[in-house]
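Worksheet: the structure to be examined is printed underneath.
The values are calculated or read from the model by the stated rules, or taken from the named source; none is laboratory data. No experiment lies behind these values; they were computed from the predicted model shown. FYI the Cβ positions are ideal-geometry reconstructions off the backbone, even for glycines, and counts take in every protein chain you see. Accessible surface is based on the protein model in full, side chains and every heavy atom, while ligands, DNA and RNA are left aside. Shrake-Rupley method; radii C 1.70, N 1.55, O 1.52, S 1.80 Å.
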Amino acid sequence: MALNAEAIIAVLNAHGVDYVVIGAFAAHASGAPIPPTLDIDFTPSSSAENLQRIADALRELDARLRVAGTPDGVPFDPAPQLIIQMAMLNLTCRYGDFDLAFHPSGTGGFEDLAVRATMVLIGDTQARVAALADVIRSKRAAARPKDLRVLPTLEQYARSRGIELGDATE
């Protein structure tokens, strides 16, 4: 299924969910010359109020747990008490695949990422997107093969834009 990130973002926004778009989608949205991704990742605030807004948005999206071998995903009740216990939720819905990562590698979560995030238009919908330096910091810390493959491109792009990477490249 093709990703309709704008539709997912619109539902989160309609419910007032506090989040930051992270990962390769954030890098691509910031102009980095990497291919578009097949999913979108979010780091939401873990406040009690936001957890309820997330639960409501996930119900509207009819979000299901993404499980290998189960293309339509596995239904679940996105109760705030369950959501907060998950470090990462891999989800799917009628608009495509998305992940909720409460503590992405190398970051302090939402509060850390929100400091340097900027508003970016995704289609006609605004989304708070992580700073490229923070995406690089997280990808370096995760050090998964797919992250390590794009890091040189992201770092070169950041340097060409005068973006201070700090310890992201140390």
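Determine, yes or no, whether ASP112 is open to solvent by 30 Å² or more (accessible area, probe 1.4 Å), farther than 18 Å from GLY16 by Cα and within 17 Å of the chain's Cα centre (by Cα). In short, yes. Out of (1) among the β-branched types (Val, Ile, Thr); (2) under 16 Å from the mean Cα position of the chain (by Cα); (3) farther than 23 Å from THR107 by Cβ, what's the single condition that is false for VAL67? With (1) among the β-branched types (Val, Ile, Thr); (2) under 16 Å from the mean Cα position of the chain (by Cα); (3) farther than 23 Å from THR107 by Cβ applied to VAL67, the lone miss is (2). Report yes if some residue within region 104-118 is under 25 Å from ARG64 (Cβ atoms) and in a strand (DSSP E or B); otherwise report no. Within region 104-118, none of the residues are under 25 Å from ARG64 (Cβ atoms) and in a strand (DSSP E or B). Taking the listed residues THR153, THR118, the one that is surrounded by fewer than 17 Cβ atoms within 10 Å (Cβ to Cβ), under 21 Å from ILE8 (Cβ atoms) and either touching a helix residue (DSSP H, G or I) at 6+ places or on another chain (Cβ under 7 Å) or of a type outside the set (Gly, Ala, Ser) (or both) is THR118, with no other qualifying. Looking for something touching a Ser or Thr at 6+ places or on another chain (Cβ under 7 Å), of a type outside the set (S, T, N, Q) and surrounded by 19 or more Cβ atoms within 10 Å (Cβ to Cβ) - is there at least one such residue anywhere in region 161-168? Checked against the condition, which is being touching a Ser or Thr at 6+ places or on another chain (Cβ under 7 Å), of a type outside the set (S, T, N, Q) and surrounded by 19 or more Cβ atoms within 10 Å (Cβ to Cβ), region 161-168 yields no hits at all.
The set of residues in region 123-157 that are closer than 14 Å to ALA24 by Cβ, touching a residue at least 12 places away in the same chain (Cβ under 8 Å) and of a type in the set (A, V, I, L, M) comprises VAL129, ALA130, LEU132, VAL135, ILE136, ALA142, VAL150, LEU151, LEU154. Of all the listed residues (ALA127, ALA133), the sole one being open to solvent by less than 20 Å² (accessible area, probe 1.4 Å), within 16 Å of ILE22 (Cα to Cα) and part of a strand (DSSP E or B) is ALA127.
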